[in-house]
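To start, the structure itself, in structure tokens.
The values are calculated or read from the model by the stated rules, or taken from the named source; none is laboratory data. As the structure is a computational prediction, the values presented were derived from the model and not from experiment. Ideal geometry is used to build each Cβ from the backbone, glycine not excepted, and the neighbour counts take in all protein chains shown.
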Amino acid sequence: MAKLKTIYDKLKPEFKNKLQASARKYDSAKRLKYNLMSNTLWSDLTLSTISDISVFCNIEMYNLTAYDVMYGKPLLKE
């Protein structure tokens, strides 16, 4: 049986690298990383968590559409 990929596994490499760099500096980024490692569905994330992703991955929220926020397409590979 194949292991389900977590949201962290599904992140595009450029965002994963930014999050890893932030996690070395900030405890809140480290908590975010573990949160993403424990969830497999984007829909399980809160808006606060998505906001944290934008902060620690240097994503301007005003560039995202409602669809992007709901489904995470520009952030996830696949």
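Check whether at least one residue in the range 70-77 is touching a residue at least 24 places away in the same chain (Cβ under 8 Å) and among the hydroxyl-bearing types (Ser, Thr, Tyr), and report yes or no.
yes
Looking at the range 41-58 only, could you name the residues that are touching a Lys or Arg at 6+ places or on another chain (Cβ under 9 Å) and surrounded by 15 or more Cβ atoms within 10 Å (Cβ to Cβ)?
Trp42, Asp52, Phe56, Cys57
Rundown of residues vs (1) in a loop (DSSP other than H, G, I, E, B); (2) modelled with pLDDT of 95 or more; (3) in contact with a Ser or Thr (Cβ under 7 Å, 6 or more places away or on another chain); (4) at positive phi, yes/no style:
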residue	(1), (2), (3), (4)
Lys18	no, yes, no, no
Ser28	no, yes, no, no
Arg31	no, yes, no, no
Asn35	no, yes, yes, no
Ile59	yes, no, no, no
Tyr62	no, no, no, no
Pro74	yes, no, no, no
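Name the pairs: first residue in the range 10-22 and in contact (Cβ under 8 Å) with a residue 60 or more places away in the chain, second residue of a type in the set (D, E, K, R), Cβ to Cβ under 7 Å, at least 6 apart or on different chains?
Lys10/Lys77; Lys10/Glu78; Lys12/Lys77
In the range 35-58, which residues are within 9 Å of the chain's Cα centre (by Cα) and among the β-branched types (Val, Ile, Thr)?
Within the range 35-58, Thr49, Ile50, Ile53 qualify.
Mind counting the residues in the range 59-78 that are over 11 Å from the mean Cα position of the chain (by Cα), surrounded by 11 or more Cβ atoms within 10 Å (Cβ to Cβ) and within 25 Å of Lys25 (Cα to Cα)?
The number of residues fulfilling the criteria is 1.
Quick check on the range 24-34: of everything there that is over 9 Å from the mean Cα position of the chain (by Cα) and touching a residue at least 12 places away in the same chain (Cβ under 8 Å), which residue is surrounded by the most Cβ atoms within 10 Å (Cβ to Cβ)?
Ala29
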